[in-house]
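Visitor: Here it is, the structure, as structure tokens.
Since every read-out is calculated from the coordinates, none of them should be taken as a lab result. Please read these numbers as outputs of a predicted model, since none were measured by experiment. All Cβ positions, even for glycine, are placed from backbone atoms using ideal geometry, and neighbour counts span all protein chains on display.
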Amino acid sequence: MNSLFLTFEGPDGCGKSTQARLLAEKLRSQGYDVFLTREPGGTSLGEAVRELLLGKEYELTSSAEALLYAAARAQHVEEKIRPALAKGQIVICDRFVDSSLAYQGYGLGLSLQKLREINLFATSGLEPDLTILLDLDPQIGLARARAGRGQTDRIEERDGAFHKQVREGFLDLARSQPERFAVIQVEGLPPEEVEQLVWTRVEKLLGKQRGTFSCNKMGVKS
């Protein structure tokens, strides 16, 4: 089976982690080999960096924040993601480069061009086959996050204007690459309905992949 790289993106509290887990379970139930991971994190180094980024012990500059995300991502890609793809697994990642562009670019005002260059270096050009963007009013999402954990992290504590810019950033990125993004409006939808919408989009991609694989196997150009 050909490998696939799927990412979940969206504002805090949109349900990414839940939907990534549900998709992994669905794919495994159908016999697919799945590697589920997250950012920042996914490796021992990445989890340590996650504590620095989301914890409240240090005041980070915007550029330091962006570089820490990129460093964790570089380790993640080389140590975990590329080897999983090389084995033919379906990789599902909770956040990837688009989060850096949305949060540190649109949210904090850093140069999108520089962020793209930094992350191009960190990932050696790796891009998802499909990015599922779960869109939600950030105030609703933050309320969900607080209710779920009883506390907020360093990023979640930023003001409403920041989170509004992040959401608009995600939507702008999706508009610029409609062939890669699948945008799902999740406000008011129960998790099981969101799960079905996600599956419909992923199933379509799996169908295309099987068709391409069959054609290539027979020596026909796709």
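Visitor: Tell me, rounded to the nearest percent, the portion of alpha carbon pairs in the chain spaced more than 26 Å apart.
Guide: Details: 8548 of 24531 pairs.
Every Cα pair in the chain considered, those over 26 Å come to 35 percent.
Visitor: Calculate for the chain the 222 nm mean residue ellipticity that helices alone would give, adding -39,500 (n - 2.57) per DSSP H run of length 4 or more and normalising by residue count, nearest 500 deg cm²/dmol.
Guide: Details: 9 runs with 117 residues, N = 222.
It lands at -16500 deg cm²/dmol.
Visitor: If R₀ is 25 angstrom, what is the calculated FRET efficiency for the pair Arg154 and Lys114, using the beta carbon separation as r and rounding to 0.05?
Guide: Using R0 = 25 Å, I get an efficiency of 0.65.
Visitor: With the dipole of the chain worked out from charges on the C-beta (+1 for Lys and Arg, -1 for Asp and Glu) around the Cα centre, which of Val34, Leu189, Ser176 lies farthest toward the positive end?
Guide: Val34
Visitor: Find the relative contact order for the chain and round it to a whole percent, using C-alpha pairs within less than 8 Å whose residues are 6+ positions apart.
Guide: Values: 315 pairs, mean separation 66.7, N = 222.
It comes to 30 percent, rounded to a whole number.
Visitor: Determine, for each peptide in 89-101, 36-48, the mean count of other beta carbons within 10 angstrom over its residues, then list the peptides with the highest first.
Guide: Values: 89-101: 24.2, 36-48: 19.2.
With the highest mean Cβ count within 10 Å placed first, the list reads 89-101, 36-48.
Visitor: Now for a different question. Show me the ranking of peptides 7-13, 70-76 by mean Cβ neighbours inside 10 Å, starting with the highest. Please list the in-between numbers first.
Guide: Details: 7-13: 25.4, 70-76: 21.4.
Highest mean packing first, the order is 7-13, 70-76.
Visitor: Over the residues of the stretch 127-176, compute the C-alpha Rg and express it relative to 2.2 N^0.38 Å. Show your work: numbers first, answer last.
Guide: Numbers: Rg = 12.5 Å, N = 50, 2.2 N^0.38 = 9.7 Å.
Normalised by 2.2 N^0.38 Å, the Cα Rg of the stretch 127-176 equals 1.28.
Visitor: Hey, another quick one. For a protection proxy built on the mean count of beta-carbon atoms within 10 angstrom, sort 125-132, 192-199 highest first, please. Don't skip to the answer; put the middle values down first.
Guide: Working: 125-132: 18.1, 192-199: 15.8.
Listed from highest to lowest mean packing, they are 125-132, 192-199.
Visitor: Normalised by the empirical 2.2 N^0.38 Å for globular proteins, what value does the Cα Rg of the stretch 45-139 take? Intermediate results must be reported in sequence, preceding the final value.
Guide: Working: Rg = 13.8 Å, N = 95, 2.2 N^0.38 = 12.4 Å.
Normalised Cα radius of gyration, the stretch 45-139: 1.12.
Visitor: Turning to a different aspect of this structure: Can you find, among Phe8, Leu134, Gly207, the residue farthest towards the positive end of the dipole of the chain? Put +1 on the C-beta of Lys and Arg, -1 on that of Asp and Glu.
Guide: Gly207
Visitor: Sticking with this one: For the chain, please report how many Lys pairs fall under 29 Å Cα to Cα, leaving out neighbours fewer than 8 apart on the same chain.
Guide: Count of close lysine pairs: 29.
Visitor: Assuming 1.306 mPa s and 10 °C, estimate D for the stretch 121-204 with Stokes-Einstein, Rh taken as the Kirkwood radius over Cα pairs, in µm²/s.
Guide: On the way: Rh = 14.6 Å.
The estimated diffusion coefficient comes to 108 µm²/s.
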